[in-house]
Structure formats: structure tokens, C-alpha cells
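Inspection log for the structure reproduced underneath, given as C-alpha cells.
Each value in this text was obtained by applying a stated rule to the coordinates, not by laboratory testing. All values derive from a computational prediction rather than experimental measurement. A quick note on method: Cβ atoms are made from the backbone with ideal geometry, for glycine too, and the neighbour counts reach across all protein chains shown.
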Amino acid sequence: MDITAQTRTAWVRWVDPGQPVRPFGTRDFRLLDIAERARWRRIPRRIDRERFTTGRATLKRLVSEILDVPASTVAVVEQWFGDRRGRPQLWVGGRPSELSMSITHSASRVGVAVSDARCGIDVQDVAAVVPVLHSGFAFAPGELQAIRTLDGSPEAQATLWWTRKEAALKALGVGLLHPPHLLDARSEESLRATVPWGGEDPVTDNPDDIVPESPAGFGWAKEWDTLRIRDLDPGSPGYRASLALVGVPEGALIELREVAAPVLELV
């Protein structure tokens with residue numbers, strides 16, 4: 001990879017766990033390691049098992065293409081902090097990789113992201129956000145006010161804001177342990193302007209909203225200014241998606257490569 005200090009690259013791929021992936025379930029399952037197969041067996045619903053298998057297999061194939069290594073040498077190593085799962089780490093050839101990864105799925109969309117910056121990707125079915133459209137847990141006060149005044153149907157715009165939040169929290173390795181209503185994702189600037197936990201000036205007077213130090217073991221508030229957001233096209237109507245990168249220097253270029261899935265032969 002020819003990546004300079006002032007450039008960050010992210011590769012994104014979208015697939016559908018129903019078409020055309022389902023016929024290749026056997027091929028995908030072969031790429032799961034022992035730990036992933038054990039986790040697969042604990043997933044009760046078939047569609048969730050398909051999403052899990054599709055996501056892991058798609059990720060490994062994408063890393064294989066990026067690094068020109070066999071997909072079988074790519075692994076996703078789970079990190080645990082007590083009883084809490086941290087952000088997974090990408091390993092290649094039995095060693096930790098300098099690349100970061102993230103997987104997302106919603107309904108019939110599965111997306112994976114790989115980057116030389118810490119990354120998070122999120123996709124959401126717009127219909128799934130409708131029940132929480134006016135929720136004070138999901139959206140910040142400024143977002144709720146904007147939702148009430150948006151022309152037409154606000155669901156799609158609100159869904160995009162939600163994907164920005166979740167992608168950012170994935171990239172930071174904290175997930176939804178951080179209350180999402182404390183983040184205003186109407187723009188990258190408003191998102192970065194939100195004071196995360198660990199900051200000196202919380203945006204709420206409710207002590208229940210102040211979460212202690214990140215379970216990932218680092219004070220991520222000081223990394224907030226290095227957050228960058230890119231909205232994505234998940235390739236299917238009715239969905240919204242976003243990519244977040246953390247650790248991007250001021251003025252650095254971001255090269256986004258959306259990579260089409262290869263055509264696989266039926267096995």
C-alpha cells in the first residue's frame with residue numbers, strides 16, 4: 001500500500017445476505033475460524049447467522065484483496081474488557097495488522113470497512129428508525145427540533161444522523177455505552193463539537209448521562225477532534241450509511257474506495 005502520512009484510505013464493500021450471498025453460504029462458512037463457528041452456533045436466528053457469516057467472510061475477502069494474501073490468513077480477534085466486548089482487532093498471518101476493520105448490517109444490507117485509520121461503519125434501514133424518530137434517548141435536542149421542522153418525511157435524514165453517531169462510536173471503540181442523545185450528528189462539525197464523556201464540560205446536568213472512562217482503556221475524549229465522517233451510499237434504496245475515521249491529522253486527505261463484491265462461482 002502506498003499510503004503517505006497525510007493520506008488515510010478506507011475501503012468499503014456492500015453485500016446482501018439474501019442475494020446473491022445465500023447460495024454461497026458453504027463457501028462463506030469455510031472462512032470462519034473455530035471461535036467464529038462457535039459464536040455462529042450460539043446465534044439463534046437463521047438470518048442473523050447469515051449476516052454474521054456474510055460479514056466475516058466479506059471482510060476477509062476484502063483484506064485478502066487489499067494485502068494480496070490468502071483470505072484464510074485473515075482473522076478477527078475479539079477483545080474483552082472484563083465482561084464487555086471491545087472493538088475487534090484485525091490479524092493477518094497470525095499477527096496484529098496495522099489496518100482497522102468494522103462490520104455492519106441492517107435488514108438486507110451488510111457492509112464492511114477496512115482502513116489505515118481506526119474506522120467504524122454503520123448502515124440502517126430507514127423503516128427501523130421510525131419508532132425512535134422522536135426519542136429523547138436516540139436524538140439530541142437540536143436534532144429533535146430539526147426533525148420537527150424538516151419538510152416532507154424526516155425519517156431518512158434522521159436515519160443518516162443515527163448512522164453517523166453509531167459509526168463514530170464504533171471507531172472510538174465504545175459503541176452505544178455512550179448515550180447517543182449526547183451527540184448532535186447534523187454535521188461533522190456539530191458531532192465533533194459535542195463533548196464526549198471524559199470531557200470537562202458535559203452537555204447534560206443528568207448524572208446518569210455521564211459514563212465513566214471508556215471500557216476500551218483509553219481516554220477517547222482527547223481523540224474526538226481527529227474524527228472524520230463520510231456519508232456512504234449502501235447501494236439499496238431505503239437505507240442510509242456512514243463511515244467514521246479516527247486519528248486523521250488536520251488537513252489529511254481521505255481516499256474512499258468503494259469496492260464491488262467479486263462474482264463467486266456456485267459451490
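Close amide-amide hydrogen proximity is noted between LEU227 and GLY247, each under 5 Å apart and 5 or more residues distant or on a separate chain (H modeled in the peptide plane; Pro and chain starts excluded).
Separation of region 233-256 and region 26-64, taken as the distance between their Cα centroids, equals 24 angstrom.
Sequence-ordered 3J(HN,Hα) estimates for region 126-142 from the Karplus curve with 6.51, -1.76 and 1.60 and θ = phi - 60° stand at 4, 4, 6, 8, 3, x, 10, 4, 10, 7, x, 7, 7, 10, 6, x, x Hz, glycine and proline given as x.
Taken along the Cα-to-beta-carbon direction at a fixed 7 Å, the label points for ILE147 and THR7 span 4.0 nm.
With 0.36 nm allotted per residue and the present C-alpha distance subtracted, the GLN79-GLU255 stretch has 60.6 nm of extension available. Proximity of backbone amide H atoms, modeled 1.01 Å from N, is registered between ARG240 and GLN124, VAL126 at under 5 Å, excluding neighbours fewer than 5 places apart on the same chain. Extension gain, SER135 to ILE47, is 28.9 nm, computed as 0.36 nm per intervening residue step minus the present C-alpha separation. Residues whose amide H falls under 5 Å from that of ARG118, counting only those 5 or more places apart or on a different chain, are VAL246, with hydrogens built in the peptide plane. Using 0.36 nm per residue and subtracting the Cα-Cα separation, the extra length available between ILE34 and LEU177 on full extension is 48.6 nm. The peptide list 143-153, 26-36, put in order of mean Cβ contacts within 10 Å with the highest first, becomes 26-36, 143-153.
Can you put TRP91, TRP14 in order, fewest other beta carbons within 10 Å first? Before the final figure, lay out each step's value.
Numbers: TRP91 15, TRP14 23.
With the fewest neighbours first, TRP91, TRP14 line up as TRP91, TRP14.
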